[in-house]
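A short write-up of the structure that comes next.
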Amino acid sequence: MSGKLFNRGFMSLVASQFFGAMNDNVLKGILTFMVIDGAWAGHLGSGGQGIVGICFTIPFILLSGYAGQLADRHSKKTVTLWVKVAEIPIVLVAGLGFWMGDLWITLSALVALTCQSAFFGPAKYGMIPELVDDEQLSKANGTINMMTNVAVIVGTLVAGVVSDLYAPQDSKIAGIVSLPIITLFLIAVGGLIAALFLSPLQPGDRSLKYNFNPFSTYIETIREMSKTRLLMVMMAWGYFYLLAGIALFIVPEYTVVLGINRAEASVLMGVLGVAIGVGCAVAGLVSGNRIQPKLIPIGAFGLILFFTLLAAVPPWMPDASPMARVALSNVSFFILGAGFFAGFYIVPLQALLQKLSPDNERGRFLGTANAVSFAFLTVAALFYWAVRPAFGDKPQHIFYLSSVLMAAGAAFFLYRLRGTGLVMGKAA
């Protein structure tokens, strides 16, 4: 990271995003483990983690339009402080749900936490061009994506450990029912403290009139995007979340595939987060002071290859200590490869979205892009919930479908962007 990138405002954003992403994944991770084989096993049926995923994504679809308008009308620092303050009571309710053993209170808190994150999204990505120079956009996006995925790693590992201590798989051992609420609260406080160090930002357009129909905002924005190549850039970026969502539902089920506990399964989620983070960082370094769209097809090819290997190669672990055997398994290696190439796919697309969006409407454009990405995540949740029963005790074979979907999507987007020079031409 160069000196221009290493400034107080940007580092405060990175830290705020880190704690926010971490808390999202701690709550979602504990809930997922609980509905697979924990305290609420069977309450949501086979593939019930798909329902958890839907609760996580729907608020983004409904609220990102409002969030984009809010980010355009007010200082993005002010919006960030608002959402970080709101996070604290929300996680206290979530912790109360775990303490009471009430699935529905906890799911409701997950929905509320996702609403809070939805309002952070456009402000978060929209402030990056205000905090760094244009030539630093690729590096800034690589950095924040890397640290976000480190947060996913830490949050997922914490979720596995907290899940085992909260509801041990050995029913003879008493769980620590207060652990989730303590963990979630401390992380939320860390995010608020980090946000306080944000540097002053542009005040926004106070004359902007709110449109209270989020779908009309999306339609209007998409209509404007369709006049340029920005629409296909947004759809290619959002499509990634369809594949990522499916993968995130499969990986926790390796507790069954490999016969491991939740903490060990969290190692695989951690490997995925490390890999995406490293891939994003490398993509940012390779891009230098430019946006390099030529990385997109390279990333797509890598995802197709490693999704196929995850489905086709029988899972194997060495004879080693519990955590080490998972980290050294072939599954871990294939997940590492998929995550690395994912970084190559998403960094150029994200930078293009920020660069090509109009300055005075960046929040609205990025809010729409956020809604589209979570619409794809919702499709992933519904898709997984629908197909999971057909794969019985071999959920890893769903990666075959992921590989086919990635190949079809890459071919479509490359075809639609032909002749623009965007993908195969010079750096932007």
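The values are calculated or read from the model by the stated rules, or taken from the named source; none is laboratory data. Everything quoted here is computed from the prediction, not taken from an experiment. We place every Cβ from the backbone using ideal geometry, glycine too, and count neighbours over all the protein chains shown. All accessible areas refer to the heavy atoms of the entire protein, side chains included, with ligands and DNA or RNA removed. Shrake-Rupley method; radii C 1.70, N 1.55, O 1.52, S 1.80 Å.
Overall size of the range 284-405 from C-alpha positions, given as principal axis extents largest first: 56, 36, 26 Å. Across the range 181-235, Cα-Cα pairs more than 12 Å apart make up 78 percent of the total. 3J(HN,Hα) couplings calculated from phi for the range 298-306 with the Karplus curve 6.51 cos²θ - 1.76 cosθ + 1.60 (θ = phi - 60°) are, in sequence order, 5, x, 4, 4, x, 5, 4, 4, 6 Hz; Gly and Pro show x. A simple charge model with +1 on the Cβ of Lys and Arg, -1 on the Cβ of Asp and Glu and nothing else charged puts the dipole of the range 1-140 at about 280 debye relative to its Cα centre.
Can you give the accessible area per residue of the range 185-270, in Å², using a 1.4 Å probe? On a per-residue basis, 43 Å². For the range 120-205, the square roots of the Cα gyration tensor eigenvalues, ordered a ≥ b ≥ c, give a/c of at least 1.5 with a/b greater than b/c, which places it in the prolate category.
Suppose every K and R has +1 on its Cβ and every D and E has -1 on its Cβ; what is the size of the dipole of the chain about the Cα centre, in Debye to the nearest 20?
Dipole magnitude for the chain comes out near 1080 debye.
FRET efficiency for the pair H43 and L186, taken as 1/(1 + (r/R0)^6) with r the Cβ-Cβ distance and R0 = 30 Å, rounds to 0.60. For every other residue with a beta carbon closer than 11 angstrom to the beta carbon of S163, add +1 if it is Lys or Arg and -1 if Asp or Glu, then tell me the sum. Charge balance near S163 sits at -1. Derived from the Cα gyration tensor, the three semi-axes of the equivalent ellipsoid of the chain are 32, 26, 20 Å, largest first.
Over the range 266-352, with every protein chain in place, what whole percent of the accessible area is carbon and sulfur at 1.4 Å, could you tell me? Summing carbon and sulfur atoms, their accessible area is 76 percent of the total for the range 266-352.
Using the Cα centre as the reference, give the magnitude of the dipole from point charges on the C-beta atoms of the range 142-287 (Lys, Arg: +1; Asp, Glu: -1; all else neutral), rounded to the nearest 20 debye.
Details: 7 positive and 7 negative charges, 88 e Å.
Here the size comes out at about 420 debye.
Candidates L382, L353, A324 compared by Cα position along the dipole of the range 278-427: farthest toward the positive end lies L353, with charges placed on Cβ.
Hull volume per residue, based on the alpha-carbon atoms of the range 45-106 and their convex hull, is 87 Å³. Considering only the other residues whose Cβ falls under 14 Å of the Cβ of L81, what net charge follows from Lys and Arg at +1 and Asp and Glu at -1? Summing Lys and Arg as +1 and Asp and Glu as -1 gives +3.
Restricting to Cα pairs below 8 Å that are 6+ residues apart, what does the relative contact order work out to for the chain? Please round to a whole percent. 27 percent. Legend: residue pairs K172/K394; K28/K77; K84/K139; K84/K227, Cα-Cα distance threshold 32 Å; pairs beyond threshold, K84/K227. Would you please classify the overall shape of the range 1-152 from the alpha carbon gyration tensor, given that a ≥ b ≥ c denote the square roots of the eigenvalues, rounded means a/c under 1.5, and beyond that prolate means a/b larger than b/c while oblate covers the rest? Prolate shape, in that a/c is at least 1.5 and a/b is the bigger ratio.
Taking only DSSP H segments of four or more residues, each worth -39500 (n - 2.57), what value at 222 nm results for the chain once the sum is divided by all its residues, to the nearest 500 deg cm²/dmol?
Values: 15 runs with 315 residues, N = 428.
Computed ellipticity for the chain at 222 nm equals -25500 deg cm²/dmol.
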